[in-house]
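The values are calculated or read from the model by the stated rules, or taken from the named source; none is laboratory data. Everything quoted here is computed from the prediction, not taken from an experiment. As a convention, Cβ positions derive from the backbone with ideal geometry for all residues, glycine included, and neighbour counts pool all protein chains shown. Keep in mind that these areas ignore ligands, DNA and RNA; they rest on the heavy atoms of the full protein, side chains included. Shrake-Rupley method; radii C 1.70, N 1.55, O 1.52, S 1.80 Å.
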Amino acid sequence: MGVTLIAKIDSDCGAEDGRDELIALARMIAYARHVAQDVKLEVATNCLDLALEAVTQQVGESLTRELGELSSPVPQVSVRRH
């Protein structure tokens with residue numbers, strides 16, 4: 001599964017669903033990396049490190065996008081006591 005496919009999953013689902021899918025994928029990759037490291041598969045560990053980095057970067061971009069959407073265009077109003 002490539003990074004472009006992950007981006008497609010994020011855009012097809014709701015933002016929260018896409019983020020949840022990416023987090024679940026990151027957990028699976030982290031588990032596979034741990035197993036590969038335990039059985040001393042260096043090449044597989046390195047590949048899984050790269051995959052995990054790509055997924056966590058995508059999750060970060062998703063969260064940044066969501067936070068940007070949450071910011072209100074309404075200016076803050078100062079409330080003063082009289």
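Using only the Cα atoms of region 26-66, each taken as one equal point scatterer with no solvent, compute I(q) by the Debye sum, divide by I(0), and report log10 of the ratio at q = 0.19 Å⁻¹.
Reported log10 I(q)/I(0), two decimals: -0.53.
Along the positive direction of the dipole of region 26-66 (beta-carbon charges: Lys, Arg +1; Asp, Glu -1; about the Cα centre), which of VAL35, THR45, LEU63 reaches farthest?
Positive-end residue among those listed: VAL35.
Pop a pseudo-label 7 angstrom from the Cα along the beta-carbon direction at both ASP49 and TYR31 and give the gap in nm to one decimal.
2.3
Placing unit charges on C-beta atoms (Lys and Arg positive, Asp and Glu negative, everything else neutral), compute the dipole magnitude of region 26-66 about its Cα centre in debye, rounded to 20.
Value, rounded to 20: 100 debye.
Over region 26-66, with every protein chain in place, what whole percent of the accessible area is carbon and sulfur at 1.4 Å, could you tell me?
Result for region 26-66: 62 percent of the exposed heavy-atom area is carbon or sulfur.
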